[in-house]
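The values are calculated or read from the model by the stated rules, or taken from the named source; none is laboratory data. Because the structure is a prediction, the values reported are computed rather than measured. Positions of Cβ are generated from backbone atoms using ideal geometry, with glycine treated the same way; all protein chains shown enter the neighbour counts.
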Amino acid sequence: MSRRELVVLGSASQTPTRHRNHNGYLLRFDTDGVLFDPGEGTQRQMTHAGVAAAELTRICITHFHGDHSLGLSAVLQRLSLDAVPRPVRCHYPASGQEFFERLRYSTVYHERATVVPAPVLADDWTDGPISAHPLDHRIDCFGYRYTEPDGVRMLPDRLAAAGLHGPAISRLQREGSVLVDGRVIRLDEVSERRPGQTVAFVMDTRPCPGALTCARDADLLVAESTFRAADADLATRYGHLTSTDAGRLAAEAGVRKLVLTHFSQRYPYEDADAFGEEAAAVFDGEIQVARDFDVIPLPRRR
Ligand SMILES: [Zn+2]
C-alpha cells in the first residue's frame, strides 16, 4: 500500500514564529495529495519537508483568513512552473470566490497547470473523497473530511475451505459469485467488510455541530487548538477551540487519533505539551501536538 500520512508544513495561528510557520498540511493518501490551508511560506515549507508540487491533487481552503490562504498564490504558480501534469482541484467557501481569484492571479505568470476551481456550494457538500462541513468562525469556514469507501477483506481460511484459489478469487471479487464443483460461492461467504479510513480537518471554529459531523469516527482528526483552556473566553470571542474543546470534540466524535495544531503565538514553544495534556484530560485516544515538519502516519486500519 502506498503512503498514508499527514505532513505538517506549519502549525502557527495568526502570526508565524521562529518555530512555527503559518498553517499548511499535506495529506498523502495513496495517489492523492491534499494540501490543506496553505498559509504564507507554504511553498518553502514544502521544499524543506520534501513535498513536490507534483504530489498535489487537491487544495482545500477552510476560510479566507491570511494564515490559511496567503500561500495559495505561490503554490498555484509553482504548479505551473513545474508544469504539473495532473489537474489540481481547489475547494474553498464559494462566498470567497473573489479572494480565490485574486490569490490565483495576484502577479503575472505563465499558467500551464490545470487548476480546477470547485468551490464548496452548500453545507455537507461532497466532491469525490472530500466532503465539507460548516464551522462557526467569524467568516464562512468549512471543515473537510477525506473518506475512503469501505472495501472487502478476503478471509484466507474460508477461501481455502471453499476450495477457492488463484484466478477464481479474482473472478469472485469481480463478479460477486463463482461456481466451484457445482456449488455457488458468494463473495460475502468468504470475505468481510473492510472499513475505509477517514481523516478530518477542523480549523478555525467554536465548538459546533458541523465540527462533530466532520470528525465523526475519524481515524485521524487534525483540529485547531489556538488557545489553552484558561483562555476559553478569548476562544469564544475570536471563534476558536481551546485544547479542551478539541479533546472534547475528538471524544464525542469517537476519533482514534487527534493532532492538535494552529497554536497562538502567545504560548511559549517549550510549553506546547500542555495543549496535549489538557486535551488528554477529556479524550483518551492518541494525541499528538503538532510541530512543523512532523510526519504523522494514519493509525493502522481497524
Ligand atoms: Zn487561523
**Prompt:** Here are some conditions: (1) over 19 Å from A272 (Cα atoms); (2) touching a Gly at 6+ places or on another chain (Cβ under 9 Å); (3) β-branched (V, I, T). V8 meets all but one. Which one does it not meet?
**Reply:** (1)
**Message:** Take the residues in the stretch 138-161 that are in contact (Cβ under 8 Å) with a residue 60 or more places away in the chain and surrounded by 17 or more Cβ atoms within 10 Å (Cβ to Cβ); name whichever of them is farthest from C214 (Cα to Cα).
**Reply:** E148
**Prompt:** How about the stretch 1-12: which of its residues are of a type in the set (S, T, N, Q) and at pLDDT 95 or above?
**Reply:** S11
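Every residue, every condition in (1) outside the structural domain of A12 (by TED's automatic domain parsing); (2) in contact with a strand residue (DSSP E or B) (Cβ under 8 Å, 6 or more places away or on another chain); (3) in contact (Cβ under 8 Å) with a residue 60 or more places away in the chain; (4) not aliphatic (A, V, I, L, M), yes or no:
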position: V51; (1), (2), (3), (4): no, yes, no, no
position: R58; (1), (2), (3), (4): no, yes, yes, yes
position: H63; (1), (2), (3), (4): no, yes, yes, yes
position: L76; (1), (2), (3), (4): no, yes, no, no
position: G96; (1), (2), (3), (4): no, no, no, yes
position: T107; (1), (2), (3), (4): no, no, no, yes
position: R112; (1), (2), (3), (4): no, no, no, yes
position: V116; (1), (2), (3), (4): no, yes, no, no
**Message:** What are the pairs with Cβ atoms under 7 angstrom where one residue, in the stretch 186-211, is more than 30 Å from A12 (Cα to Cα) and the other, located anywhere, is part of a helix (DSSP H, G or I)? Sequence gap at least six, or different chains.
**Reply:** L187/L172; L187/Q173; E189/R158; V190/R158; V190/L159
**Asked** Taking the stretch 162-183 only, how many residues are part of a loop (DSSP other than H, G, I, E, B) and surrounded by 13 or more Cβ atoms within 10 Å (Cβ to Cβ)?
**Response** 2
**Asked** If you go through the stretch 19-41 one residue at a time, how many are free of Cβ contacts under 8 Å to residues at least 40 places away in the same chain and more than 16 Å from the chain's Cα centre (by Cα)?
**Response** 2
